[in-house]
1. So how many residues does the stretch 193-224 have that are more than 15 Å from ARG126 (Cβ to Cβ) and not in a strand (DSSP E or B)?
2. Is it the case that some residue within the stretch 229-251 is modelled with pLDDT of 75 or more and of a type in the set (D, E, K, R)?
3. Just to be sure before I move on: is ALA180 exposed (fewer than 13 other Cβ atoms within 10 Å of the Cβ) and within 19 Å of the chain's Cα centre (by Cα) in the structure I sent?
4. Within the stretch 27-47, identify whether any single residue is under 19 Å from TYR66 (Cβ atoms), polar (S, T, N, Q), at pLDDT 85 or above and assigned to a loop (DSSP other than H, G, I, E, B), and answer yes or no.
5. What is the number of the single condition among (1) touching a residue at least 40 places away in the same chain (Cβ under 8 Å); (2) in a helix (DSSP H, G or I); (3) buried (at least 19 other Cβ atoms within 10 Å of the Cβ) that LEU190 does not meet?
6. As an exercise: evaluate GLN56 against (1) at pLDDT below 65; (2) among the polar types (S, T, N, Q); (3) in contact with a Leu (Cβ under 9 Å, 6 or more places away or on another chain) and give the number of the one condition it does not meet.
7. Inspect all residues belonging to the stretch 122-141 and state whether any of them is part of a helix (DSSP H, G or I), at pLDDT 90 or above and out of contact with any strand residue (DSSP E or B) (no Cβ under 8 Å at 6 or more places or on another chain).
8. From the list SER338, SER320, exactly one residue is modelled with pLDDT of 65 or more, assigned to a helix (DSSP H, G or I) and of a type in the set (Ser, Thr, Tyr). Which is it?
Amino acid sequence: MVFNFLKGQFIDVIEWTDDTRNTMVYRFERYGNEIKYGAKLTVREGQLAVFVHEGQLADVFEPGMYMLETNNMPILTSLQHWDHGFSSPFKSEIYFINTRRFAGLKWGTQNPVMLRDPEFGPLRLRAFGSYAVRVQDPVAFMREIVGTDGDFTQEKIAGQIRNIVVQKVSRVLAASGIPALDMAANTKDLSDVISKAIAPTLAEYGLEMPELYIENISLPPEVEKVLDQRTSMGIVGDLNKFTQFSAAQAMQKAAEGGDGGMGAGLGAGMGMGMGMGMAQAMGQAMGGQQAAPPPPPPPASEQMWHIAENGQTRGPFPQSQLAGQITHDTLVWSEGQSGWQKAGDIPALRGLFAAMPPPPPPIG
């Protein structure tokens with residue numbers, strides 16, 4: 001502010017320099033509640049000056065320098081019924097409106113947003129972010145929000161705008177139909193939809209929202225914990241291989257323990273056993289059924305035999321295939337024998353030969 005008095009009575013220069021960075025509207029303080037006709041008004045870039053005369057919104061001045069005369073104040077002139085050349089002081093309130101962008105304002109859902117997720121079913125989500133706001137229509141802003149407040153800061157309206165944002169965010173998230181796991185990839189589109197939904201309400205207040213960002217959409221802590229477990233199981237993959245790997249690591253740690261004593265080795269062994277038991281139990285639970293019983297043991301293999309005929313060796317043959325190929329006098333050999341023996345002399349092969357009947361009785 002620059003106060004310059006003529007004869008100690010009237011303000012000659014009217015201007016405002018914002019050094020707070022959070023003031024949206026500032027009422028210019030007048031000396032003696034009077035402004036001299038012909039005074040200089042300076043409106044800087046990012047500002048508008050609004051004259052309020054006897055409670056009525058009069059002229060609005062955009063950035064520039066003005067001489068407060070009848071040709072520069074048509075509305076105020078008609079309210080005052082001035083004639084050209086009128087130079088008496090007049091009483092009007094002058095409000096400087098900051099039209100720059102107020103950025104970095106925060107919003108967040110105080111309570112979780114309930115929605116139906118296509119993958120998880122009923123779900124609660126939290127979201128937070130930031131936004132920017134600026135004055136678009138100074139007359140509507142003065143009439144609907146500021147009133148007669150001579151030092152209006154962004155904090156005085158941030159709470160109201162935050163409530164509007166949260167309300168629209170809740171509706172958009174609930175109606176989006178986007179899975180919770182895919183929302184992080186769609187924050188830009190969701191922000192655009194929310195901004196369009198908010199615009200009509202803010203326009204009634206003379207405001208606009210050039211920026212709105214969704215910085216995070218999160219699940220409740222208990223749901224995040226379960227999701228992390230599910231992700232971990234997906235990373236593990238083959239549970240049997242993971243169990244073997246874990247057991248190998250436990251054995252390596254036990255070996256690295258050196259001469260830590262029998263107690264340390266025993267503890268490592270118990271830990272490894274418990275880990276393997278837990279892994280097997282988890283594998284059965286994931287399979288949704290009991291583990292299949294082990295297969296029966298394979299049948300015992302048959303004894304193999306070699307046959308000697310005419311100075312040559314044939315075979316080996318399994319015992320079940322010897323019938324019809326050998327006689328009592330056939331020489332055979334199997335692993336474990338000291339040498340060739342007649343088949344009839346080997347107890348294991350006697351069952352292959354039919355019992356010989358005794359000689360017939362004499363005639364007569």
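The values are calculated or read from the model by the stated rules, or taken from the named source; none is laboratory data. Just so we're clear, the structure is a prediction, and the values are computed from it rather than from any experiment. Positions of Cβ are generated from backbone atoms using ideal geometry, with glycine treated the same way; all protein chains shown enter the neighbour counts.
1. Initial filter on the stretch 193-224 (more than 15 Å from ARG126 (Cβ to Cβ)): 193-213.
Filter once more, keeping what is not in a strand (DSSP E or B): 193-206.
Number of matching residues: 14.
2. no
3. Values: exposed (fewer than 13 other Cβ atoms within 10 Å of the Cβ): no; within 19 Å of the chain's Cα centre (by Cα): yes.
No, not satisfied.
4. Looking through the stretch 27-47, none of the residues is under 19 Å from TYR66 (Cβ atoms), polar (S, T, N, Q), at pLDDT 85 or above and assigned to a loop (DSSP other than H, G, I, E, B).
5. For LEU190, the exception is condition (1).
6. Tallying (1) at pLDDT below 65; (2) among the polar types (S, T, N, Q); (3) in contact with a Leu (Cβ under 9 Å, 6 or more places away or on another chain), GLN56 fails exactly one: (1).
7. Yes, that holds for at least one residue.
8. Details: SER338 fails: assigned to a helix (DSSP H, G or I).
SER320 is the lone residue from the list that is modelled with pLDDT of 65 or more, assigned to a helix (DSSP H, G or I) and of a type in the set (Ser, Thr, Tyr).
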